[in-house]
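First the structure, in the form of structure tokens, and then the observations on it.
Where a number appears in this text, it was derived from the coordinates with a stated rule and is not lab data. Keep in mind that this is a model prediction, so the values were computed, not measured. Please note: Cβ atoms are built from the backbone with ideal geometry, for glycine as well, and neighbour counts cover all protein chains shown.
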Amino acid sequence: MTDREILFAGAFLRSIGTSLIGVLLGIYLAKQELDPAQVGLVIAVGLGGAAAAALVVTIWGDALGRRDMLKILALAGALGTIVAACSSRLDLLMLAAFVGMLNGMGRDRGAALVLDQAILPQTTGDERRTLGFAWYSVLQDAGHALGALLAGAPVFLRNAYGFGELPSLRIAIGINGVLLLVSAGLYTRLSPAVEAPERARTIVVSGESRKRLWTISALFGLDSLAGGFLTTSLLSYFFFERFGVTEGVVGALFFGARLANAASHLGAAWLAKRIGLVNTMVFTHVPSSLLLVTVAFAPSFPVAAVLFLLREGLVEMDVPTRQSYVMAMVRSGVTNLVRLGGWAIAPAFAGMLMQGSLLAGPLYVGAAMKIAYDGLLYAAFRRAKPPEER
């Protein structure tokens, strides 16, 4: 296998487990009789662990070695997952979530992604950079779709083998640990070529690039804060509580959502060539936020599901375009760190909001903040073109 194939395979396996955790974590915690505020707290701590790992990778990843860091991240994730699958105490669940970087977002956007994004552009030129990130995102969302489908495993285990609710959920959660162990084995086969060149470790950032980096990081922080109100775990909890559907039904819904995400990534690459990266990011993101608000008002689960799937067909079109734009304009992992920080902060507040009478409150707040982000992003960067658009 080439280095690129290993990275793609690792991302695929990682995204399966991430999606599985995203769909089941909120339901698993609810079945342990945690209230919404505690559910939000555990999700926030898990994302906090992911943010801490991203900080280490961003600052010391190249110096410590990209291959070693990928292996350590996979092993830590496996350990935390297994402990979480065996625990019932809130303090142990929080510790496991932090160490295992349990990603309630349900999307593979953690510290390993920072390393992947640093390595992949070395294999493409400017003209094929966006397409390369699009295919990477397609593989991720294929994994996300499969992971969402696997979230129906607890229902299968209960019906076919007579497992209880909690044991069936524990087994399903543990699948993520196995997948991470397999990916750790894959990373042992990476070549020294993936390591950062010495000159890349001492790049001096110009004043203009530094200003652009801080602006785009601040905007991404706002977007990620909004996304923290809309984690897959919290959305799964919303569908579970609002409509009384099972894990299998929620898993099937997110399976369809991730297929829509995967298709949209290639559509994003096609659209970006015609209207530009920034326009693609903004003009697809605003309608997706408006559709999200309609989900909160849906009178039944089938209606909510259709509206949600329409939203998912648009919401991820900004992912490969954003990744490509960042690597073209600022080439920094700081933006990923900022995004993870925002995701880690919001779930605890979203859980407290859901604990009251506003079960759909996070949907309103998250959608409003995302629309504000889109407007500010367009105003700040509509004239800042990447090399291929100049």
Output the Cα-based Rg and Dmax of the range 344-390 in Å, rounding Rg to one decimal and Dmax to a whole number. 16.4, 51
For residue 159, net neighbour charge (Lys/Arg +1, Asp/Glu -1) across residues whose Cβ lies under 13 Å away: -1
Taking the convex hull of the alpha-carbon atoms of the range 1-93 and averaging its shadow over every direction gives an area in square nanometres of 6.6
Whole percent per 10 Å bin, from 0 to the bin with the longest distance: what is P(r) over all C-alpha pairs of the range 153-309? 8, 22, 27, 27, 13, 4, 0
Any DSSP H helix in the chain with Cα axial reach of 18 Å or more and mean Kyte-Doolittle score of at least 0.5? Listed by number, the hits are 3-31, 36-64, 66-86, 165-187, 247-275, 277-296, 301-315, 334-355, 361-381
Summed residue charge, Cβ within 15 Å of residue 98's Cβ, Lys/Arg positive, Asp/Glu negative: 0
Only counting other Cβ atoms within 10 Å, I'd like 220, 381 sorted with the fewest neighbours first. 381, 220
Binning at 5 Å from 0, report for the range 270-390 what percent of all alpha-carbon pair distances ends up in each bin. 2, 10, 17, 20, 20, 14, 9, 6, 3, 0, 0
Which value results when the Cα radius of gyration for the range 50-105 is divided by 2.2 N^0.38 Å? 1.21
Rounded to whole Å, give me the distance from the Cα center of the range 15-50 to that of the range 127-171. 15
May I ask for the net charge around residue 311, where only other residues with Cβ less than 15 Å from the Cβ of residue 311 are counted and Lys, Arg are +1 while Asp, Glu are -1? -2
Sort 16, 275 by Cβ crowding within 10 Å, fewest neighbours at the top. 275, 16
What are the semi-axes of the equivalent ellipsoid for the chain, taken as the square roots of 5 times the Cα gyration tensor eigenvalues, largest first, in whole Å? 31, 25, 18
Contour excess over end-to-end distance, with Cα ends at residue 364 and residue 378 and 0.36 nm allotted per residue: 2.9 nm
Starting with the highest mean, order 285-295, 313-323 by the number of other Cβ atoms within 10 Å, averaged over the residues of each peptide. 313-323, 285-295
